[in-house]
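For reference, the structure discussed in these notes is given below.
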Amino acid sequence: MSERALTVPPAALKAPERLRILLVEDDEGDAFLVKELLAEAGALFDLRVATSLREARPMMRGVQCVLLDLGLPDAEGIDGLRKLLAVAGSAAVCVLTGRSDEHLGVAAVAEGAQDYLVKGQVDGVLLVRALRYAVERKRADENTQRLREVELRQAESARLERGLLPQPLMQTTEVAVHTFYRSGRAMGLLGGDFFDVVQVGPDRLHVIVGDVCGHSVDEAALGVELRVAWRALVLGGVPEDQILGALEQVLMSERRAREVFATVASVVLDLSANRATVRLAGHPPPVLLKDGRAEPVAARRGIVLGVKPTPTPATDVELSGDDWSLLMYTDGLIEGHTGVGNERLDVDGLCGVLAEPAAIQVPLAALPAWLVGRAEQGNGGPLADDVAMLLISRGGGR
């Protein structure tokens with residue numbers, strides 16, 4: 001490699017920082033020698049001296065590196081090193097001793113010391129270099145440890161969040177259910193959106209999609225609470241027209257602030273009669289795919305949950321024929337831009353996308369993910385909000 005290739009640009013060089021050193025040494029002559037070695041090397045340093053481990057403890061604040069003699073009045077050998085490491089915090093620890101014992105040096109480093117130096121065998125330049133390297137190694141070790149802790153926390157959170165996503169509780173083969181979920185929260189798997197499917201009896205399917213306003217962990221937790229409460233209400237046999245009212249009570253008692261609200265789309269499918277009862281609490285309407293068309297369900301819309309408790313109106317929808325799909329979604333899917341000025345995709349735009357020839361060729365199981373990709377293409381980048389989708393299909397599905 002050429003000498004030119006090894007040249008480091010001046011802008012990349014960093015002036016040596018001033019070392020804050022604590023020397024734990026009971027021999028005044030050795031302490032004077034360390035100070036002379038540091039001065040001889042032209043190092044920038046602040047040196048404090050303690051003659052015992054007891055004296056050193058209150059002097060640790062702000063220290064970058066500790067030079068420790070292994071023969072102190074109150075701390076001897078490796079046991080003394082252990083005691084110092086227990087209170088050293090983020091300071092690097094180097095052993096500086098008169099014992100030229102290789103096995104002791106290996107043991108000291110194994111216990112957590114950054115280096116093992118022998119008195120009389122180091123000059124000023126070597127001492128300063130060892131101290132600076134020790135400080136950087138300590139920082140690198142701490143950064144690695146912090147990164148590992150973050151990775152472990154993220155992995156644990158990911159497992160927890162995956163466990164909180166529901167599994168449809170259904171036995172029927174009359175319809176197929178395809179789900180999609182993606183959080184808009186950075187590095188999160190779970191957002192404030194929620195969905196669930198519960199079968200009651202041989203031919204009755206309860207379906208819900210909801211959206212808690214906000215994107216933080218609090219909203220994600222509240223979304224899970226609402227989903228679990230809804231499932232309990234359905235399985236508990238609460239009358240259909242009372243379920244959303246009871247769910248609103250849960251929301252109002254569990255939310256962290258009075259301004260937190262939720263929108264909900266609830267559908268009860270009567271598979272034997274091939275009909276649906278739709279309730280919308282401030283939520284966009286489901287889209288019905290049938291006979292090659294995609295149209296929003298003409299359902300009455302009530303107000304959001306958590307503002308002014310009001311019964312949510314119900315709309316009965318006939319699902320004639322054996323081939324249809326009902327797409328339920330949260331507004332994160334339709335709030336992205338279309339690429340035309342500030343125009344949003346909205347419900348009509350979503351129906352237009354679903355009517356495209358390319359959409360008709362997509363298998364039903366892959367359609368929710370395809371829709372998100374298509375919405376992001378128009379938006380010019382990732383969608384900002386959470387997205388939850390349920391696609392319930394019968395027969396050919398469209």
Highest GNM mean-square fluctuation among Gly336, Gly306, Gly236, for the chain with Cα springs under 10 Å, belongs to Gly236
Can you give me the three principal axis dimensions of the stretch 188-227 from its C-alpha atoms, in Å, biggest first? 38, 15, 14
Leaving out ligands and nucleic acids, and using a 1.4 Å probe, what accessible area per residue does the chain come to in Å²? 51 Å²
Most fluctuating residue given options Leu226, Leu96, Leu345, as computed from a GNM of the chain linking Cα atoms under 10 Å: Leu96
Heads up, the stretch 258-398 by the C-alpha gyration tensor (a ≥ b ≥ c square roots of eigenvalues; a/c under 1.5 rounded, else a/b over b/c prolate, else oblate) looks oblate
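Which value, in Å³ per residue, describes the convex hull spanned by the Cα atoms of the stretch 267-315?
That works out to 72 Å³ per residue.
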Remind me, relative contact order of the chain in percent, using alpha carbon pairs under 8 angstrom and six or more residues apart? 12 percent
Applying the gyration tensor rule to the Cα atoms of the stretch 13-68 (axes a ≥ b ≥ c; rounded if a/c under 1.5, else prolate if a/b exceeds b/c, else oblate), the class is oblate
With a 10 Å cut-off between alpha carbons and a GNM built on the chain, which of Pro73, Pro284, Pro16 moves the most? Pro16
I need the phi-derived Karplus couplings for the stretch 328-340: 6.51 cos²θ - 1.76 cosθ + 1.60, θ = phi - 60°, integer Hz, Gly and Pro marked x. 10, 7, 9, 6, x, 6, 10, 8, x, 6, 9, x, 10
Karplus ³J(HN,Hα) for the stretch 344-353 (6.51 cos²θ - 1.76 cosθ + 1.60, θ = phi - 60°; Hz, whole; x = Gly/Pro) runs 8, 5, 6, 5, 5, x, 4, 4, x, 5
When the accessible area of the chain is split by element with a 1.4 Å probe, what percent falls to carbon and sulfur? 53 percent
To the nearest 0.05, the calculated FRET efficiency linking Gln377 and Asp291 through their beta-carbon distance, R0 being 30 Å, is 0.65
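Quick check on the stretch 26-139: take the gyration tensor over C-alpha atoms, sort the square-rooted eigenvalues as a ≥ b ≥ c, and tell me if it's rounded (a/c under 1.5), prolate or oblate. Please report the intermediate quantities before stating the final value.
Working: a/c = 1.23, a/b = 1.17, b/c = 1.05.
The shape class here is rounded.
The values are calculated or read from the model by the stated rules, or taken from the named source; none is laboratory data. As the structure is a computational prediction, the values presented were derived from the model and not from experiment. Counting neighbours? That spans all protein chains shown, and the Cβs are built from the backbone with ideal geometry, glycine included. We work out accessible area using only protein heavy atoms, side chains counted, and drop any ligands, DNA or RNA first. Shrake-Rupley method; radii C 1.70, N 1.55, O 1.52, S 1.80 Å.
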